[in-house]
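> Sharing a structure below in structure tokens format, with a few things to ask.
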Amino acid sequence: MKGEHLGEFEELVLLSVRIMADDASGTAIQEVLETDAGRPVSLGAIYAALDRLARKGLVDSELGDPTPKRGGRRKRYYQVTPAGVTQLENSRRVRNAMWRRASEASSEERASR
Amino acid sequence: MSSSFDQTVVPSPPAAADVLLRRTCPAAKLTEVEGDFIEAFSAWVQRHGYSYARRRYWREVALFSLWTVVGHFRAWREARRAGGGTELLSTSGHGPDLAKAPIQRGAPRSRWEGMLNDLLQDIRYGMRTLIRDPGFTLVAVLILTLGIGANSTLFTMVNSTFLQDPPLIEAPERLVGFTTIDDSGPNDGFGYPDYEWFRDENESFAGVLAYMPSSTAVAVGGGNEVAQADAWVVSGNYFDVLGVSMSLGRAFSPEESVTPNTHPVVVISDGFWRRFFGGDPDVIGSTLRINGNQLTVIGVTPGGFRDISPVETPPDIYLPIMMQGTIMPGSESWLKRRDDNILIWLRMIGRLAPGVSLESAQANVDVMFTQWESEFAGWLESIDYVVGSTRIALTTGYKFNPRTGSQLASLLTLLFMVVGVVLLIAIANLSILLLARASARQREVGIRAALGAGRGRVVRQLFTESCLLALIGGTGGLVLAFWSARLASTLMPMSFAVDFQPDMKVAAFTVGVSVLTALLFGLAPAWQLSRADIVAFLHRGSSRGPRASLRNILVVGQIALSIVLVTGAGLFVRSLSSARSVDLGFDPGNKLAISVQLGNHGYDEVTGNQFVAAMLDRLGGLPGVAVATASWHTPFRGMWGSSITAPGTQYADEDHEFDSGFNRVAPDYFQAMGISLVAGREFTRGDDTSAPLVAVVNEAVAEHLWPGEEAVGKIIQRNSGDTTVIGVAANANYYDVAEEPARQIYLPQLQLYSSRVTFFVSTRGEPLGLAHAVEEQFRAQDPNVALFNVRTIEDVIDSELAPYRVMAILVGLFGGLALFLASVGLYGVQSYLVAGRTREIGIRMALGAEERQVAGSVVARSLVISGVGIFVGVAASLALAQLVQGMLFGISERDPLTFVSVPLVLLAAAILATFLPARRASRVDPIVALREE
């Protein structure tokens, strides 16, 4: 287990939940991942990730009303909890910092040639 | 997810997938998950169409199930780590408390989850058991891999040839083949006018196509390049009926198939396009010179299209039927009316019109055929045709011509029986191994039972273990099938256009066979173990264990089955070797054969003879060539028989007519082919049209016509006139490896021209090494002449022997495997018996028994069992031998040598298998043995 750290896939799913804001259902997340991340992912994998995120307290969910489009089934909407937002911000900060150092390193390399 | 969604036109997701989804999804989450799936499904339908959505839905459900299982497993592992129950001896059927698992929070636990847990538990436990005993596991997996792999291999072949639809053809299940059935069996030839009539007058088909089911070698030129290619002639609607759309350009249009030689167009295959045109995207409209005629490329077939038949190599070039004069000059007459032409050369395939069933199409065709019979009653009477003796049958087996199809089917059926027996032997073997092992596990099972595990639970656990073994073996078998199917296909007496890739069907078959296998070999030992008396187990460290009779029956059965297979193998090997050792009357070694059809390239008799003479000079002058010659026939390929008379002979027949085979041969033929001349001389270049007619006869003819007399100088009468016999050649086999010496008359090619010529180059070394140089010489003489079948005569004979060879190799292989398995089984049983008798042997040795006596008693026991098995096996083999009677060459199906030697081999194997256990018994230390108890 990765403990409280976010896996890469979990991070993508969490971001997708955030992107879809009020409409983050399983299928919606799948679409975001397919279009934005260019990554075809199965619903099963998304549910598993959402379960893990829920267990870590990073997402929350509630059941919506049944719609005819879903054959009269209710829909579960996910949203990012404050803890989730912090986590996302965190990982972005880490990434940004690392990217900065990475580009410094590569420009130094170029300069030294 | 568009808003134009309309509930009334919703295509529903596949129902079976839905069932799976409902089974696997935890109840509390079912509504929302199902909702997501339904929503996603309709989005896929709108975006990519129904069939994509169905496939996607299946995949998503399968992955979802997988993820759920993984989730359960993780949750259970976490729960266990957090101090949950131990799984090993759990008896409740539920194991660890899943309610603790976060994924399950608040959800009612389903029956399915309980079972899943038992299963996971059993699998883990089973794995551990198997790992603990690697020797047993390895042997068991090996046996199963071979047994199941043999079946998967065969199924792969059946699947690729019979079950799979040819790729890129639209709705292949609506295609039906036309077959004529008469006294001589099924046939698939039709004349062109009949084809047109069926195509235009029927009421049942969306379309009927026709093609000539053999390829014609053509010389293709484009620019300065000349290449050899295979061409097919097909009806103009060929690609339309198949529903194949071109990757470039277009298919033939209807007006291109009405009048002969007016629309010089061709469609080329994807492979030829890449090879010859380097994949040029602007190929459409380019000109190809085919046998000297200019034709325009109008289309390229899509990549992956391999035509209809799995056993015919698809062509490079498709010509419309109306253009066949291009590659076969003079064949325009084949397109004429049917009442003066009984030529049948086309295969017909129809596509059933929407809503028409095979039965009603058949009724339609029956009526049409009756009309046909009455329309041509006069002509049919003149050829002694009996009305009603023939019918046309529509078959779903459109992929094969009926003879190849049934040949392949019977071959595969026989092989399936063989691999089935191999699997049975493997199963008996595994049962024996498991039974032998059961004694070692009685204590363990006893403990589990004592701790409260129900019998069902114990049986399930043991059965899971068997399934694990079988599935590991099955996986190995599937891997084996990957390459062995292709390997086996190269041995078959036909060439395959399909490659033998196992697919989902093969995987499903393998899993099915594995589970069935596990049921058969695992259930008996599991049942026996679970029945055992718990208290007794705990008391005694070892016991006599399961009943001896079951084990003996298994060993006897196994030996009997392997006798059957080894006998079969022996028969086929003997048959092949007797076919190989036939004296053909000529020397097939070191000879290259190349055929040409000079008439296709504008040669007449004069220029054709010049071409042959020039080529014989060129080829004879090549370094490494001993002698070059030519003839009309290739040995074993084609024949021509005719009646002639011989005046003034004592021959009994009143009109002095008799039948003989004929061949037209070039000078030096007999020398080159290694046929010895018994008398007289062979043909020279002087034996041409200006010289008297001459012939060489073989001994069979000479003895028939002029018994006891000198044949040289005698006269035979042919249509062309009186012909003088100038030589007598030794008999040889001409048409068939199996034939009796047939009559054969040789005529000089220079006196009786034929535009089809096969050149023979007798080489000093490996003939194929010269193939390139030989082809160069042809190209130098005339680059536009197409070369058919460049190959060695040994290859020709090899393909003649292929049916014998494939049986000898495959059945031999499986027979060897069976022998090996039976020996392993016998060894296992004897080892086990010796282990069980340690105490008894110890006592006997303590009482003064000799080592030799002890070993002897072990061997004797094994010989009794083997003897019974061998007896049963030989009896069964004698009964079954009838089955292969027609497939043997030159030996009886009750070949004494085979039936004597096979039991001896088995007996030797039995003694060998008993040797080690017997030695172990003789080394038993009485003191150790007695202290054991």
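The values are calculated or read from the model by the stated rules, or taken from the named source; none is laboratory data. It should be emphasised that the depicted structure is a prediction, and the values quoted were computed from it without experimental measurement. Note that each Cβ is placed from the backbone with ideal geometry, even for glycine, and that neighbours are counted across all protein chains shown. Note: areas computed on protein heavy atoms with side chains; ligands, DNA, RNA excluded. Shrake-Rupley method; radii C 1.70, N 1.55, O 1.52, S 1.80 Å.
> Within the stretch B:885-900, can you find the residues that are open to solvent by 30 Å² or more (accessible area, probe 1.4 Å) and among the hydroxyl-bearing types (Ser, Thr, Tyr)?
Hit for the stretch B:885-900 is B:Ser892, nothing else.
Okay, residues lined up against (1) closer than 24 Å to B:Gln830 by Cβ; (2) touching a helix residue (DSSP H, G or I) at 6+ places or on another chain (Cβ under 8 Å); (3) modelled with pLDDT of 85 or more:
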{"position": "B:Ser389", "(1), (2), (3)": "no, no, no"}
{"position": "B:Thr395", "(1), (2), (3)": "no, yes, yes"}
{"position": "B:Arg403", "(1), (2), (3)": "no, no, no"}
{"position": "B:Ala409", "(1), (2), (3)": "no, yes, yes"}
{"position": "B:Ala436", "(1), (2), (3)": "yes, yes, no"}
{"position": "B:Ser439", "(1), (2), (3)": "yes, yes, no"}
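> Contact list please: Cβ distance under 9 Å, first residue in the stretch B:206-221 and without any contact (Cβ under 8 Å) to a residue 40 or more places away in the chain, second residue not in a loop (DSSP other than H, G, I, E, B), pairs at least six apart or on different chains.
B:Ser214/B:Trp232
> Tell me the residue from B:Ala40, B:Ala27, B:Ala17, B:Ala53 that is at pLDDT 85 or above and away from chain A (no Cβ under 12 Å), please.
B:Ala53
> For B:Val365, are the conditions met, namely being more than 30 Å from B:Leu242 (Cα to Cα), of a type in the set (Val, Ile, Thr) and either at pLDDT 90 or above or surrounded by fewer than 21 Cβ atoms within 10 Å (Cβ to Cβ) (or both)?
no
> Considering the stretch B:170-210 alone, what residues qualify as being assigned to a strand (DSSP E or B), surrounded by fewer than 18 Cβ atoms within 10 Å (Cβ to Cβ) and among the hydrophobic types (A, V, I, L, M, F, W, C)?
B:Ile181, B:Ala206
> Moving on to the next point. Select from the stretch A:47-64 the residues that are more than 7 Å from chain B (Cβ to nearest Cβ) and crowded, with 22+ Cβ neighbours inside 10 Å and list them in ascending order.
A:Ala49, A:Leu50, A:Arg52, A:Leu53, A:Leu58, A:Val59
> Quick test for you: out of A:Ala105, A:Ala48, pick the one residue that is hydrophobic (A, V, I, L, M, F, W, C) and farther than 20 Å from B:Glu39 by Cα.
Going through A:Ala105, A:Ala48 in turn, the sole match is A:Ala105.
> B:Val785: touching a His at 6+ places or on another chain (Cβ under 9 Å), modelled with pLDDT of 85 or more and buried (at least 20 other Cβ atoms within 10 Å of the Cβ), yes or no?
yes
> What are the residue pairs meeting all of these: first residue in the stretch B:610-627, first residue small (Gly, Ala, Ser), second residue surrounded by 14 or more Cβ atoms within 10 Å (Cβ to Cβ), Cβ atoms under 6 Å, and 6 or more apart or on different chains?
B:Ala614/B:Gln781; B:Gly620/B:Ala628; B:Gly624/B:Thr763; B:Gly624/B:Leu770; B:Ala626/B:Ser762
> Residues that are open to solvent by 60 Å² or more (accessible area, probe 1.4 Å) and assigned to a helix (DSSP H, G or I): does the stretch B:421-430 have at least one?
Yes, the stretch B:421-430 has at least one match.
> Could you go through the stretch B:252-266 and let me know if any residue there is surrounded by fewer than 20 Cβ atoms within 10 Å (Cβ to Cβ), small (Gly, Ala, Ser) and more than 30 Å from B:Pro402 (Cβ to Cβ).
Looking through the stretch B:252-266, at least one residue is surrounded by fewer than 20 Cβ atoms within 10 Å (Cβ to Cβ), small (Gly, Ala, Ser) and more than 30 Å from B:Pro402 (Cβ to Cβ).
> For the stretch B:278-308, which positions are open to solvent by less than 40 Å² (accessible area, probe 1.4 Å) and touching a Ser or Thr at 6+ places or on another chain (Cβ under 8 Å)?
Selection gives B:Ser286, B:Leu288, B:Ile290, B:Asn291, B:Leu295, B:Val297, B:Val300, B:Thr301, B:Pro302, B:Phe305.
Conditions (1) under 18 Å from B:Asp587 (Cβ atoms); (2) part of a loop (DSSP other than H, G, I, E, B); (3) not small (Gly, Ala, Ser), marked per residue:
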position: B:Glu709; (1), (2), (3): no, yes, yes
position: B:Gln717; (1), (2), (3): no, no, yes
position: B:Val725; (1), (2), (3): no, no, yes
position: B:Tyr734; (1), (2), (3): yes, yes, yes
position: B:Glu740; (1), (2), (3): no, yes, yes
position: B:Tyr746; (1), (2), (3): yes, no, yes
position: B:Leu750; (1), (2), (3): no, yes, yes
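Per-residue answers, yes or no, for (1) on the phi > 0 side of the Ramachandran plot; (2) open to solvent by less than 30 Å² (accessible area, probe 1.4 Å); (3) at pLDDT below 90; (4) polar (S, T, N, Q):
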{"position": "B:Leu538", "(1), (2), (3), (4)": "no, no, yes, no"}
{"position": "B:Ser542", "(1), (2), (3), (4)": "no, no, yes, yes"}
{"position": "B:Ser549", "(1), (2), (3), (4)": "no, no, yes, yes"}
{"position": "B:Ile553", "(1), (2), (3), (4)": "no, no, yes, no"}
{"position": "B:Arg574", "(1), (2), (3), (4)": "no, no, no, no"}
{"position": "B:Leu584", "(1), (2), (3), (4)": "no, yes, yes, no"}
{"position": "B:Gly602", "(1), (2), (3), (4)": "yes, no, yes, no"}
{"position": "B:Gln610", "(1), (2), (3), (4)": "no, no, no, yes"}
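> Just to be sure before I move on: is B:Pro310 closer than 24 Å to B:Tyr398 by Cβ, touching a Lys or Arg at 6+ places or on another chain (Cβ under 7 Å) and either at pLDDT below 90 or not aliphatic (A, V, I, L, M) (or both) in the structure I sent?
It is true that B:Pro310 is closer than 24 Å to B:Tyr398 by Cβ, touching a Lys or Arg at 6+ places or on another chain (Cβ under 7 Å) and either at pLDDT below 90 or not aliphatic (A, V, I, L, M) (or both).
> Please go through the stretch B:900-920 and pick out each residue that is among the basic types (Lys, Arg) and closer than 12 Å to B:Tyr832 by Cα.
Matches in the stretch B:900-920: B:Arg920 only.
> Then there is this: Which of the residues belonging to the stretch B:346-356 are open to solvent by less than 50 Å² (accessible area, probe 1.4 Å) and assigned to a loop (DSSP other than H, G, I, E, B)?
B:Ala353, B:Val356
> A further question follows. Filter the stretch B:211-248 for residues that are closer than 20 Å to B:Val300 by Cβ and open to solvent by 50 Å² or more (accessible area, probe 1.4 Å) and give the result.
If the condition is that a residue be closer than 20 Å to B:Val300 by Cβ and open to solvent by 50 Å² or more (accessible area, probe 1.4 Å), then B:Ser215, B:Gly223, B:Glu225, B:Gln228, B:Asp230, B:Asp240, B:Ser245, B:Ser247 are the ones that fit.
> With the requirement that a residue be more than 14 Å from chain B (Cβ to nearest Cβ), touching a Gly at 6+ places or on another chain (Cβ under 7 Å) and among the aromatic types (Phe, Trp, Tyr), what does the stretch A:71-99 give you?
None; the set is empty.
> Pick out the one residue from B:Ala818, B:Ala780, B:Ala771 that is in contact with a Leu (Cβ under 7 Å, 6 or more places away or on another chain) and open to solvent by 10 Å² or more (accessible area, probe 1.4 Å).
Just one listed residue meets the conditions, B:Ala771.
> Quick check: is even one residue across the stretch B:788-798 touching a Pro at 6+ places or on another chain (Cβ under 9 Å), at pLDDT below 85 and closer than 30 Å to B:Phe416 by Cβ?
yes
> Any residue in the stretch B:293-321 that is in a helix (DSSP H, G or I) sitting within a Cβ distance under 9 Å of a residue that is among the β-branched types (Val, Ile, Thr)? List the pairs, counting only those 6 or more apart or interchain.
B:Ile321/B:Val233; B:Ile321/B:Val234
> So which residues in the stretch A:10-46 are in contact with a Lys or Arg (Cβ under 7 Å, 6 or more places away or on another chain), of a type in the set (D, E, K, R) and within 12 Å of chain B (Cβ to nearest Cβ), if there are any at all?
Listed by number, the list is empty, since nothing qualifies.
> Taking the stretch B:56-66 as the search range and keeping residues that are at the interface with chain A (Cβ under 8 Å from one of its Cβ atoms) and open to solvent by 20 Å² or more (accessible area, probe 1.4 Å), which one is farthest from A:Glu31 (Cα to Cα)?
Within the stretch B:56-66, the match that is farthest from A:Glu31 (Cα to Cα) is B:Leu66.
> Within the stretch B:27-55, can you find the residues that are touching a residue at least 24 places away in the same chain (Cβ under 8 Å) and either open to solvent by less than 10 Å² (accessible area, probe 1.4 Å) or of a type in the set (A, V, I, L, M, F, W, C) (or both)?
Those that are touching a residue at least 24 places away in the same chain (Cβ under 8 Å) and either open to solvent by less than 10 Å² (accessible area, probe 1.4 Å) or of a type in the set (A, V, I, L, M, F, W, C) (or both): B:Ala27, B:Ala28, B:Val33, B:Phe37, B:Ile38, B:Glu39, B:Phe41, B:Ala43, B:Val45, B:Ala53.
> Please specify each residue of the stretch B:260-282 satisfying the condition of being part of a loop (DSSP other than H, G, I, E, B) and over 19 Å from B:Phe239 (Cα atoms).
B:Pro260, B:Asn261, B:Thr262, B:Gly278, B:Gly279, B:Asp280, B:Pro281, B:Asp282
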